[in-house]
1. Rounded, prolate or oblate, given the Cα gyration tensor of segment 234-276, with a/c below 1.5 counting as rounded?
2. Set the Förster radius R0 to 41 Å, insert the Cβ-Cβ distance between SER247 and GLU61 as r into 1/(1 + (r/R0)^6), and round the FRET efficiency to 0.05.
3. Could you report segment 81-180's accessible area per residue, 1.4 Å probe, as an integer in Å²?
Amino acid sequence: EIFRLFDLDKNGVIDFPELFPSTERLPTPPRPNTPDFWKKWCTVVHPGERSPKWHVSGPRELEILLDAANSQDEAARNRKWMSSSFRRLKNKGKSDARCRECLASHLPRGSGPKDRDGVQTLTQAEVHACRRNYADAVLEPTKNIQRIVYDMREQRRALASYRQQLFSVALEPALRQRAEDDRRAVAVGLVGAGHLLNRQRDPDDEAKAEVSEVQGTSFKDLAQECTMRTDQLEDLFSEFLKFADHSERIGRRAFGQMLRSHCPARHFAECDIDAWWEELGRLAIRSEARSGKRRPSTTEGAEQADGASRRLRKAQFPFEHFARWYGLSEVRT
């Protein structure tokens, strides 16, 4: 009778929900995607800013500081003791080799000729070997760190190449199709509204159009357009990233710094850099006009052209525009 009271579904088996009806099994949550997981990790699991792992904080930091201070005090006491002991031994008539064996027991024994106290001195080769061992003990960790930094630089270059390949495979077709749809929509709208071609352009819109985003191009297509090899273009892109900002765009000041770093043997005058920067700006505007993102108005006058020229000094351009300019400029030669 008791078994029948718990066997609610009459299948002859008492399972967990029948034995504990107040405890309901929660449904399994769906697997989160990457943006949701990252948002939960930053807001729930680890809220706030996290300091780097090489920055020690809390009681451990105080302990490390105390150990460093004690080590420095101990080293200062040992130096003072060795200095005073060396002077006392020399005043008693001991030789340098005998003082070394008495005070510097961490140094190796000499194999050279004996002095007046019968102690073998250190040869020049032993002195060089001892200095080299101490220098290697200090420089070896530095070399390892430099090697890791160089590897990280190569990994960044490889990551940029993979990102460009992913863009050309996954995003580039969609962006091209979207741009083609936008051009078709604009063309259809202009058929019944021809008067829009003669309207005055807003200066703010013009400034935004001059520095607007351009459609991405793969390294292979861009190298063919600039008559360069793909590896040369990748090296140029790696150098471009050193002077670009977080959005991978370069400004007027960084443009001059990159040219001087790219050609250290040449001297570039500021007037030449300004002229090349204007050429880069005009090339970017023509590229955007051909892609359909900026259509020049028929009422633009000389004053508007001068204003656009002045605004180019504050503009920033991506690597695609810079590569096209570099392929045609005299800096390449």
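1. Details: a/c = 2.72, a/b = 1.43, b/c = 1.90.
Judged from the Cα gyration tensor, segment 234-276 comes out oblate (a/c at least 1.5, b/c at or above a/b).
2. 0.70
3. 77
The values are calculated or read from the model by the stated rules, or taken from the named source; none is laboratory data. All values derive from a computational prediction rather than experimental measurement. With ideal geometry, Cβ positions are generated from the backbone for all residues, glycine too; neighbour counts draw on all protein chains shown. For the accessible areas, the whole protein counts, side chains as well, though only heavy atoms, and no ligand, DNA or RNA atoms are used. Shrake-Rupley method; radii C 1.70, N 1.55, O 1.52, S 1.80 Å.
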